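**Student:** Just dropping this structure here.
The values are calculated or read from the model by the stated rules, or taken from the named source; none is laboratory data. All figures in this text were calculated on a predicted structure; none of them were measured in a lab. Don't worry about glycine lacking a Cβ; one is built from the backbone with ideal geometry, like all the others, and counts go over all protein chains shown. Heads up: the accessible areas ignore ligands, DNA and RNA and are worked out on the full protein's heavy atoms, side chains in. Shrake-Rupley method; radii C 1.70, N 1.55, O 1.52, S 1.80 Å.
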Amino acid sequence: MKNIYNDILDSKKLNQKLLAILLDPDKITIEKVDLIISKINNSQATHIFIGGSEVKTNILDHLIILIKQKCNLPIVLFPGNPSQISENAGAILFLSLISGRNPDFLIEHQVNSVPLLSKSNLEVISTGYILIESGIETAVERVSKSKPMDRTNIALAAQTALAGEYLGHKLIYLEAGSGARLAVSQAMINKVAASISIPLIVGGGIRSKQQIESAYKAGADLVVIGTAFEDDLDFFNNFELNLKPQ
């Protein structure tokens with residue numbers, strides 16, 4: 001089985017940037033899956049993330065199976081709770097909301113997911129998840145009942161990220177939240193990237209080529225695009241990113 005995390009590590013060593021498209025099952029209809037897959041195949045995406053803060057539909061397994069039939073990109077679960085686990089994916093970001101202090105999202109959901117994960121072939125990737133204030137209340141904040149980190153407190157974000165690495169997390173995910181008004185600042189990305197040795201994922205509020213490239217320049221190893229692609233399936237048609245080793 002392909003080791004998705006090792007591929008991310010190898011890309012970081014080469015300074016080759018990665019791009020994930022995040023699909024929320026609640027915002028997709030099965031009738032549009034073929035079109036969505038076509039658009040993804042024609043983009044520069046290197047990964048597909050699937051999940052959301054609140055997944056109320058029951059199409060997760062079916063959606064992943066359909067994607068795998070027509071797309072060869074690694075499929076990684078980005079779950080809000082254990083109900084969003086599918087053994088049809090390749091890997092799961094085993095998230096711990098280390099920016100908050102709600103025990104349900106620090107460890108409780110993780111413990112409850114073990115019976116499912118231990119019976120699956122999913123590659124489990126421990127991920128320190130840091131929610132950053134973005135100008136609005138996001139679904140992550142509402143569901144987790146956990147306040148985001150002050151976007152101006154760059155030192156605390158870096159300290160939290162390094163604590164996550166010390167705890168053994170394999171990835172750090174800086175997240176402004178779905179539909180965020182403000183993306184994570186370049187200054188914060190830069191400081192966090194300089195403070196850790198593990199790969200850094202950045203997402204939330206990124207809606208342009210310039211913002212993607214700015215995140216890469218600041219130190220993001222993988223950028224996640226969700227809302228921008230949901231709102232416009234032609235989002236990636238009008239530009240090309242330089243993802244090759246620098």
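**Student:** Under the classification rounded if a/c is under 1.5, otherwise prolate if a/b is larger than b/c and oblate if not, where does region 1-129 fall, given a ≥ b ≥ c as square roots of the Cα gyration tensor eigenvalues?
**Tutor:** On the way: a/c = 1.69, a/b = 1.19, b/c = 1.42.
It comes out oblate by the Cα gyration axes.
**Student:** Here's another thing I want to ask about it. Just to check I understand the Karplus step: with θ = phi - 60° and J = 6.51 cos²θ - 1.76 cosθ + 1.60, what whole-Hz values come out for region 62-74, glycine and proline as x?
**Tutor:** Taking θ as phi minus 60°, the curve returns 4, 4, 5, 4, 5, 5, 5, 5, 10, 9, 9, 6, x Hz for region 62-74.
**Student:** Spin-label point model (7 Å from Cα, Cβ direction): what's the Lys217 to Leu14 distance in nm?
**Tutor:** 2.4 nm
**Student:** Between the alpha-carbon centers of region 165-225 and region 124-148, tell me the distance in whole angstrom.
**Tutor:** What the calculation gives is 13 Å, centre to centre.
**Student:** Using the Karplus curve 6.51 cos²θ - 1.76 cosθ + 1.60 with θ = phi - 60°, work out ³J(HN,Hα) for each residue of region 202-215 in order, rounded to whole Hz, and write x for Gly and Pro.
**Tutor:** The phi angles translate into 10, x, x, x, 8, 10, 8, 4, 4, 5, 4, 5, 5, 5 Hz.
**Student:** Hey, what number do you get for the chain at 222 nm if only DSSP H runs of n ≥ 4 count, each worth -39500 (n - 2.57), divided across all residues, to the nearest 500?
**Tutor:** -10000 deg cm²/dmol
**Student:** Sticking with this structure for a sec: Please list, in order along region 130-138, the HN-Hα scalar couplings obtained from phi with the Karplus expression 6.51 cos²θ - 1.76 cosθ + 1.60 (θ = phi - 60°), rounded to whole Hz, x for Gly and Pro.
**Tutor:** Each residue of region 130-138 in turn: 10, 8, 10, 4, 10, x, 9, 7, 8 Hz.
**Student:** Further, regarding this structure: With every protein chain left in place and a probe of 1.4 Å, what is the accessible surface of Phe105, to the nearest 10 Å²?
**Tutor:** 40 Å²
**Student:** Let me make sure I get this right: for region 131-194, a, b and c are the square roots of the gyration tensor eigenvalues over alpha carbons, sorted descending. Under 1.5 in a/c it's rounded, otherwise prolate if a/b > b/c, else oblate. Which is it? Can you show the working numbers first?
**Tutor:** Working: a/c = 2.09, a/b = 1.40, b/c = 1.49.
Verdict is oblate for region 131-194.
**Student:** While we're on this one: If the cut-off is 22 Å between C-alpha atoms, which lysines fall inside it for Lys147, apart from same-chain ones fewer than 8 positions away?
**Tutor:** Answer for Lys147, where 22 Å is the Cα cut-off: Lys191, listed by chain and number.
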